[in-house]
Structures are given as C-alpha cells and as structure tokens.
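The structure appears right after this line, and notes come after that.
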Amino acid sequence: MPTDATSPTGEPRREQLLNAADRVVQRDGPGASMNAIAAEAGITKPILYRHFGDRNGLIGALTERHTSGLLAAVRAALNEPLERRDRVEHVLDTYLAAIEARPQVYRLLTHPEPGDPTGAGNALAPALRQIADEISKAVEIQVDLGADGPLLSETWGRAITGMVLAAGDWWLEQRPCPRSRMVQALADLLWGRLAAAATLPLAVVQSAVATRPPTETPGTGPTG
C-alpha cells in the first residue's frame, strides 16, 4: 500500500496535489476551493491542509512552481545566441506563451479576489521584479549604451517588464490578435534606441557573465 508520501502511481504526494490544484484552477478559475482541489486529488481536505497548512500555503506552492518555471524560461530566452531583434521577440514570445498556456493560473497570481486575505493576486510580483533584473543585466552586458549604460539598462529592464505585463494582461483578456502579432507589436515599440546601439565586444560580455553574482529565485533568498 502506498504511503502518504507518494501517490498510487509513485508520484510524490506533494506533486500530485499541486497537479490537482493546477487542474482545478484551470477549470474553476482563481476562486478554486480547497474542497474542489481535495476532491480532484481523491483525498480528504485534512490531508490537503496537512501538506500546505492552508489555502495561502497552497497558493505559495503553486506560485513557486510557476514562477520558477517562468524565470528559467525567460533566462534561457535572454541567453539564446540570436540576433538582437530575434532575441527580443523570443523573450516576448516566451512570456506570452507562458501566460497563454495557463491563463487561469496567471489570473490567480496577478488578480486578487475581492476580500481574499491570502495574498493571492500579488504572488507574481517577486518574479516580475526578478525578470526585470534579468532583462536589465542582459541589456547591460550585451549592449553598448555608453556612459549611461548602467542607468539605462536598469530603467529599461523595469520599463520593459511593466509594459509587457500590462500589454500581456490586456491581450490575454481581449485576444485582439494572435500571439505572434502581439510579439511583433511589442518588439516594434522596443526597437528604437535598442536597435541603434552597438553590440558590446564578445570578450566584455563573457567577462561580465563570468563575474556577475548568481540570481536568486523568489523564495530561495535569505528570510531574515
């Protein structure tokens, strides 16, 4: 007989429960209840609480799962050996594809439910700050922006992230065009000075990559 640590298929119990929560959120939306998630997983609600404490704990676990995956995908896209315009479009498409694949999970992490005391609806904020940092670093070590490079890269990283968040939110809600067209529209807006700037020499890029500190994933940094 399987223990509570594993599912009947041998899958770790926690992963089984998170998979069930994903399915229910995708079906029922951000207001998915613990009762529905427990039923989907084929367990009683006390077992669900035993693993996550409360709904806030479950939302936190879902957040860690999805934001870690999103950050890894964006980081990989930023490091693809592509021409600059192609890389810009690839990063944009990576983000939009992620929110398109799980729209209800995205809404859970970005749009608070009225009166929800759990903090859901702001859960994506740490990951967005991290994405802004990743974009800023990529611009700084890859693009020659002159003496104002550090300031411009930090400013652009945060501005690009905010722009794409707002535009992606609207696009997901309204679906005015295919994802590929949205990527082109956003890339066109970004393309002004970024297109005109020279590329930093490869040796400078490699040195910056080798010496920059590792990036923390939300939830893994110091807590005190």
How far apart, in nm, are the 7 Å Cα→Cβ label points at Leu151 and Asn19?
5.2 nm
Quote the accessible area belonging to Trp156 in square angstrom, nearest 10, computed with a 1.4 Å probe and with ligands, DNA and RNA left uncounted.
60 Å²
Solvent-accessible surface (1.4 angstrom probe) belonging to Leu109, in square angstrom, nearest 10:
10 Å²
Taking 0.36 nm per intervening residue step and subtracting the Cα-Cα distance, what contour gain separates Ala166 from Ser68 on full extension?
33.2 nm
If I take R0 = 25 Å and measure r between the Cβ atoms of Asp144 and Ala97 in this structure, what FRET efficiency does the formula 1/(1 + (r/R0)^6) give, to the nearest 0.05?
0.25
10 Å binning of all Cα-Cα separations within the stretch 137-207, expressed as whole percents from 0 upward
18, 42, 27, 12, 1
What relative contact order, as a whole-number percentage, does the stretch 55-180 give when Cα pairs under 8 Å and 6 or more residues apart are counted?
24 percent
Paired Rg and Dmax values of the stretch 44-186, which use every Cα atom, in angstrom:
17.1, 61
Sticking with the crude label model, points 7 Å out along Cα→Cβ, report the distance from Leu189 to Asn35 in nm, one decimal please.
4.2 nm
At 7 Å along the Cα-to-beta-carbon direction for both Ala196 and Glu83, put a label point, then send me their distance in nm to one decimal.
2.0 nm
From Cα pairs below 8 angstrom and at least 6 apart in sequence, can you work out the relative contact order of the stretch 131-180, rounded to a whole percent?
38 percent
Please get the size of the charge dipole for the stretch 31-141, origin at its Cα centre, with Cβ charges of +1 on Lys and Arg and -1 on Asp and Glu, quoted in debye to the nearest 20.
300 debye
For Val143, enumerate residues with amide H under 5 Å from its amide H, sequence gap 5+ or separate chain, H modeled in the peptide plane.
Leu200
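The values are calculated or read from the model by the stated rules, or taken from the named source; none is laboratory data. Remember, predicted model here, so these are calculated numbers, not experimental data. As a convention, Cβ positions derive from the backbone with ideal geometry for all residues, glycine included, and neighbour counts pool all protein chains shown. Side chains included, ligands, DNA and RNA excluded: accessible areas come from the protein's heavy atoms. Shrake-Rupley method; radii C 1.70, N 1.55, O 1.52, S 1.80 Å.
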